[in-house]
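One structure below.
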Amino acid sequence: AALAGQAWALIRRRREQAALELALRPLRDLQELAVISIWQWDPVERALQFDATARRIFGADFTGVSPCGLDALLRVVDARDHHALQEALENPADDASFGIDLRAVRSDGAAMTVHFRGAAYPRTQGHGIILRGILQDVTERRELSRIKYQAGHDGLTGLANRAALLAELEAALRNRRRRPDRGFAVHFVDLDRFKEVNDSLGHLAGDAVLKGVAERLREATREDDLVARLGGDEMVVLQKHVTSVAAAKTLASRIIASIGRPMDVAGRQLALGASIGVALADPATETAEELLSRADRAMYRAKETRRGSYCVA
């Protein structure tokens with residue numbers, strides 16, 4: 001009877017192992033498909049181990065599958081990221097959790113970015129914790145993100161570009177047609193005396209001015225508003241959630257005051273100014289381009305009347 005019981009216990013354990021293997025197989029298949037490496041770090045033994053997928057990520061020469069995997073990882077990770085990596089692994093808290101991007105180099109010399117994510121778990125035996133996590137090559141994802149960002153942003157100031165602004169304006173117009181109470185205003189901003197800066201101090205100084213003005217526009221607006229650069233010294237603010245002309249005038253005055261403060265460029269204090277054309281949307285009859293053009297014309301009227309002022313279309 002005892003022998004039969006042992007045999008039955010062995011059969012049951014094998015069935016449980018087979019069931020567990022069957023349950024884990026889809027996860028392993030997905031791990032292989034996503035090329036995700038699993039790692040474990042023992043803070044006491046200072047041992048970092050990766051599974052075999054790490055070799056697919058870094059190349060066949062990567063030796064991080066051994067307990068000395070930290071040395072192998074440091075050899076392929078850019079020295080500028082060593083501190084962040086070691087900071088994540090050294091003396092982790094019991095509830096540690098982190099995710100960092102590391103610049104690295106494959107064994108064939110190709111530059112790459114890997115995402116290194118982990119968390120602390122109690123040891124199965126004894127006291128203390130073990131860190132476990134995943135490592136994934138995110139080079140392509142980061143590159144696509146960079147291309148997408150560049151497609152919608154101005155390279156000098158980091159503001160939205162014309163294409164991104166027009167897309168946002170069209171969306172705001174559609175939203176206004178559905179919800180007439182959701183008004184918005186367009187502020188067409190043109191710098192006064194900017195040509196004088198370029199001519200007297202050069203284009204590097206001009207670029208510094210544009211960057212400074214972009215920062216001041218960000219500070220003068222709310223997080224929901226959109227600030228864009230169309231080109232040259234022409235910038236636009238899409239002011240959202242505007243319920244009155246008075247609110248649009250308040251922002252225009254704030255922008256003019258902000259840009260009018262002296263700016264330190266190349267060791268010189270420059271006195272700039274801005275003229276603004278303000279247009280509140282009429283979603284029933286206007287496109288984004290027409291709305292932008294109306295604000296532009298209002299800006300020229302402001303310049304003709306008195307520089308450093310605004311005009312409401």
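Solvent-accessible area of the range 212-280 (1.4 angstrom probe, protein heavy atoms only): carbon and sulfur portion equals 50 percent. Pairs of Lys residues in the chain that lie 8 or more places apart, or on two chains, and have C-alpha atoms under 25 angstrom apart add up to 10. Calculated from the alpha-carbon coordinates, the range 99-185 shows an Rg and a Dmax of 22.2, 65 Å respectively.
For the range 226-241, 3J(HN,Hα) computed residue by residue from phi via the Karplus equation (6.51, -1.76, 1.60; θ = phi - 60°) reads 10, 10, 9, 10, 8, x, x, 9, 8, 10, 9, 10, 9, 8, 8, 6 Hz, glycine and proline entered as x.
In order along the range 109-120, the phi-based Karplus estimate (6.51 cos²θ - 1.76 cosθ + 1.60, θ = phi - 60°) of 3J(HN,Hα) comes to x, 6, 6, 8, 10, 10, 9, 10, 10, x, 8, 8 Hz; Gly and Pro are listed as x.
Please report the spacing between the Cα centers of the range 188-227 and the range 261-313 in Å, no decimals. Cα centroid of the range 188-227 versus Cα centroid of the range 261-313: 12 Å apart.
The residues of the range 118-246 present an accessible area of 54 Å² per residue when probed at 1.4 Å with all protein chains retained. Dipole of the chain computed with +1 at Lys/Arg Cβ and -1 at Asp/Glu Cβ about the Cα centre; of Val312, Gln136, Ala302, farthest Cα towards the positive end is Val312.
Among the GluC sites (Glu not before Pro) found in the range 95-184, not one is both in a DSSP coil and sparsely packed, with 15 or fewer other Cβ atoms within 10 Å of its Cβ.
The helix-only estimate of mean residue ellipticity at 222 nm for the chain, built from DSSP H runs of length n ≥ 4 each weighted as -39500 (n - 2.57), is -15000 deg cm²/dmol after division by the residue total.
A value for semi-axes √(5λ) of the Cα gyration tensor in Å was derived from the coordinates, and within the list (i) 59, 26, 17; (ii) 31, 24, 19; (iii) 46, 20, 19 it appears as (i). Here the dipole of the chain is about 780 debye; that uses its Cα centre as origin and unit charges on the Cβ of Lys and Arg (positive) and Asp and Glu (negative). The GluC sites (Glu not before Pro) of the range 186-283 meeting both criteria, a DSSP state outside H, G, I, E and B (loop) and at most 10 other C-beta atoms within 10 angstrom of the site's C-beta, are Glu223.
As a calculated quantity, the FRET efficiency between His82 and Gln125 at R0 = 41 Å, using C-beta atoms, amounts to about 0.85.
Its relative contact order, with pairs defined as Cα atoms under 8 Å and 6+ residues apart, puts the chain at 13 percent. Of the accessible area of the range 86-200, computed with a 1.4 Å probe over protein heavy atoms only, carbon and sulfur atoms account for 49 percent.
The values are calculated or read from the model by the stated rules, or taken from the named source; none is laboratory data. This structure is a prediction, so every number in the text was calculated from the model and none was measured. In this analysis, Cβ positions are derived from the backbone assuming ideal geometry, glycine residues included, and neighbour counts consider all displayed protein chains. For accessibility, only protein heavy atoms count, side chains too; no ligands or nucleic acids. Shrake-Rupley method; radii C 1.70, N 1.55, O 1.52, S 1.80 Å.
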